[in-house]
Every structure is written in C-alpha cells, then in structure tokens.
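**Q** Starting off with a structure, shown below.
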Amino acid sequence: MNQKIDLTSQYLGLTLKTPIIASASPMHTDMEYLKTLEKAGIAAIVLPSLFQEQIDYAFEELDTLHHYHSAEASSYLPIDNIASGPYGVGPEAYLKLVETAKKTVSVPVIASLNGYTNSAWVEYAKLIQEAGADALELNIFSVPTNINISSQQIEDGYISIIANIRKHVDIPLAVKLSPYFTSMGNLAQRMIDAGANGLVLFNRIMSPDIDIQNLDITSRYSLSNMSEGLIALQWIGLLARRVNASLAASTGVDDYQQVVKYLLAGADTVMTTSALLRHGPNYVEALLDGLCMWLKARQQTDLKLMRGQMSWQKLKNNQAYERSHYIKLVGSFHPK
Ligand SMILES: Cc1cc2nc3c(=O)[nH]c(=O)nc-3n(C[C@H](O)[C@H](O)[C@H](O)COP(=O)(O)O)c2cc1C
C-alpha cells in the first residue's frame, strides 16, 4: 500500500524513510523488538534513558558509599537501583546497548540521556557518541521545588547543560522538554542557539496523586491518551517554520489521525511510545498505512504539501492559536 507514496523525512540532519520514530521505551533494550519495529517501517529508534543519577553514582568514590552501606541504610540508599537504573542497564551496559542496537538495526539509533544539573555526567555523552549512536536525545527534567529560584535561573541552567553537552559531542543533539515554561518560543530559540539541532515536544510529566484512605502520596506511570497531545500540537504549530531546528512531536499518538495532525501542524517527525506498548511494535505499519491512505485520498505522493500546512506561520487566519480564539471559545459555551 505504501509503495507509491514517498514518506522520506528529515530529522536532525538524518534522512529517514518515514516520519515515525519510536520514542524512548523500556522495550528498546530487546533486540527482537527493535527488529520488529524496523520491519514494520519505523524510521529511527530512541533508546531508553541513561539517568544522571546512574552516571553520578558510577563517578562517585564507591569506597565511601560502601562504607556507609549498612544493612539498615540500604533501604534508604538503593545502591543497586541507582547503578542499574529503572531498566537494569548501568552506564557501562548502556554503551554496550548502543553498540548492539546499532549492529541489530539499520535505521538510526538515538541514545538518550536524562539529567537536570550541569555536572560531570554530561561527559558521558562523548562515550555514547563513541559507542556509535547516530544522535543523542537529552531529556532535561526536574521539579523546581525551591521557590527562591527564578524561571530565568532555571532556563539558564537548561541552556548551560545543552551548551556543555554540545562541547562533548559532534553528533546531532535533540532536547526533549516539558511544556511548563513561560515563554516556550524564546526558550526553544535559546536551546537551538546553545547547540540543539532539534526539539522533542513534549516530554510527558507524571504528577503525584494523594491516596485519601491511607494518606499516602501515590505515583503511577500510565500510558498516554490522545487528548494529552493537544499542547504539543499547539507548540509544534506555533514553532514550525520559525525556528532553525527539527521538531519532533511527542505524546498522545494512538492512531494515524494524530500522526496526520502533527505533520499538518509542521512536525518533521512524530514519535510514539504508548501506542506501541499498547498495540505492539507492528502497529507502526497501521500508522503508516493510515497516513498513506490520507495522502492518497488527497492525491498527494509525499509529505511536502501537508507538512506545516496548518502551522501558525502558514495559516492566514492564525487566531486559532492565540488569545482571541480563547475569548471566542469561552463566549460560545452554553450550559445545558
Ligand atoms: C514505560 C515508559 C518508559 C519511558 N521511559 C522513558 C525514558 O527512559 N526516557 C525518556 O526520555 N522518555 C521515556 N518515556 C516517555 C516516552 O518516550 C514518551 O515521551 C511519552 O510516553 C509520551 O509519548 P506517548 O504519548 O507516545 O507515550 C517512557 C514512557 C513510558 C510509557
């Protein structure tokens, strides 16, 4: 079904055969899973993250830590967990994972580092590059609980991490960020100036809940739903054709219609994790078939015309992205 449609896409300077990328997922340590993704038409694969805590731990003087690692303390200081991280892949093993993934699939393999401060861990980016990663995705995330730190200081911190990592690697660098910034466009521009070749909009943040019976704070990592993607859709639409970097849309893709929407808004690529965990790796094929069907119905043979057709820049009437539309919307609401 896909033969006559050219889905070639550019991302971070890489030429991809389709626009759909498998975003970071715990399944991406399984080489059989990666092979299935490739066969189904995935354009590139992002490996699960290696976390700053894991690298910092490896850099610390183990003797000192072990000195205090009594049986009692171990419940507070989960040394093994820190070292192996959530996916059981420590810093050394991560480099091996990059190498093995590169040997297993021929599509680009994007490694992922997840951190929040500018310290020695960023040097690990160089080792990841040497292990053969085609690109690096940097997921910067922390909750700013200190109320004495200004938004400017937080943003400056992000910029300095990006600039520092840029010094250590030549491979393309994407930054995956959360939507919670006051001036997203300005921050995006600063990140690009600091060396980011692309932005992944957005990281999905889990907020804690309260168990009212047991008076406990509960957190659960669930799969996404489509309505969560609207903020990414808006910012892809607002930034497309206005920043000199690739834009990857991420969050809430569960059917081909969402892929079409993100491309219309101006995304260079569309990422998905939850849909593949929910429906299996072969689901990439269904997403691509749906995209091709949409294009064929409009006599389009590639993505050139559709990409960005509904972006803020392209639309003559772009109020739908702005405040005036909000005023219209609230005025149009009628209680039953
Ligand atoms: C179980 C699970 C593990 C994830 N692990 C990572 C990770 O290690 N690094 C990362 O940057 N994102 C991670 N993510 C986030 C996804 O890559 C993706 O950004 C997010 O789920 C939103 O996309 P989706 O709506 O298609 O799921 C994880 C998501 C899930 C569901």
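The values are calculated or read from the model by the stated rules, or taken from the named source; none is laboratory data. Note that this is a predicted model, so its numbers are computed, not measured. Note that we place each Cβ from the backbone using ideal geometry, even for glycine, and neighbour counts take in every protein chain shown. With ligands, DNA and RNA removed, areas are computed over all heavy atoms of the protein, side chains included. Shrake-Rupley method; radii C 1.70, N 1.55, O 1.52, S 1.80 Å.
**Q** Given a Förster distance of 25 angstrom, what is the FRET efficiency for residue 31 paired with residue 156, based on the Cβ-Cβ distance and rounded to 0.05?
**A** Taking R0 as 25 Å, the efficiency between residue 31 and residue 156 is 0.05.
**Q** Here's another thing I want to ask about it. Figure the gain on full extension for residue 244 and residue 320 (residue separation times 0.36 nm, minus the Cα-Cα span) and round it to one decimal in nm.
**A** 25.0 nm
**Q** Could I ask something else about it? With both partners inside the chain, how many of the DSSP beta bridges are antiparallel, as a percent to the nearest 5?
**A** Taking every DSSP beta bridge within the chain, about 15 percent pair in antiparallel fashion.
**Q** In angstroms, what radius of gyration and Dmax does the chain have, counting Cα atoms only?
**A** 21.0, 69
**Q** Now for a different question. So which lysines can residue 126 reach, going by Cα to Cα under 25 Å and dropping same-chain residues fewer than 8 places off?
**A** Candidates past the 8-residue exclusion: 96, 102, 103, 167, 176.
**Q** On to the next question. Over the chain, what is the relative contact order in whole percent, taking alpha-carbon pairs under 8 Å and six or more residues apart?
**A** 19
**Q** Give the separation of the Cα centroids, segment 293-336 to segment 122-189, in Å.
**A** After rounding, the separation between the Cα centres reads 30 Å.
**Q** Follow-up. Taking R0 as 22 Å, what FRET efficiency do you get between residue 142 and residue 222 from their Cβ-Cβ distance, rounded to the nearest 0.05?
**A** Efficiency, from the Cβ-Cβ distance: 0.55.
**Q** Then there is this: What whole-number value in Å² describes the accessible area per residue of the chain for a 1.4 Å probe?
**A** Accessible area per residue, the chain: 51 Å².
**Q** Kindly state, to the nearest 0.05, the FRET efficiency for residue 297 paired with residue 206, given R0 = 30 Å and r defined as their beta-carbon distance.
**A** Between residue 297 and residue 206 the formula returns 0.20.
**Q** What is the angle, in °, between the Cα long axis of helix 230-239 and the longest principal axis of the Cα atoms in the chain? Nearest 10 is fine, range 0 to 90.
**A** Taking the Cα atoms of the chain, the angle to 230-239 is about 80 degrees.
**Q** Compare the peptides 144-154, 289-299, 207-217, 234-244 by average per-residue count of other Cβ atoms within 10 angstrom and give them in order, highest first.
**A** Final packing ranking: 234-244, 289-299, 144-154, 207-217.
**Q** On to the next question. Return the carbon/sulfur percentage of the accessible area of segment 9-331, one whole number, probe 1.4 Å, all protein chains in place.
**A** 53
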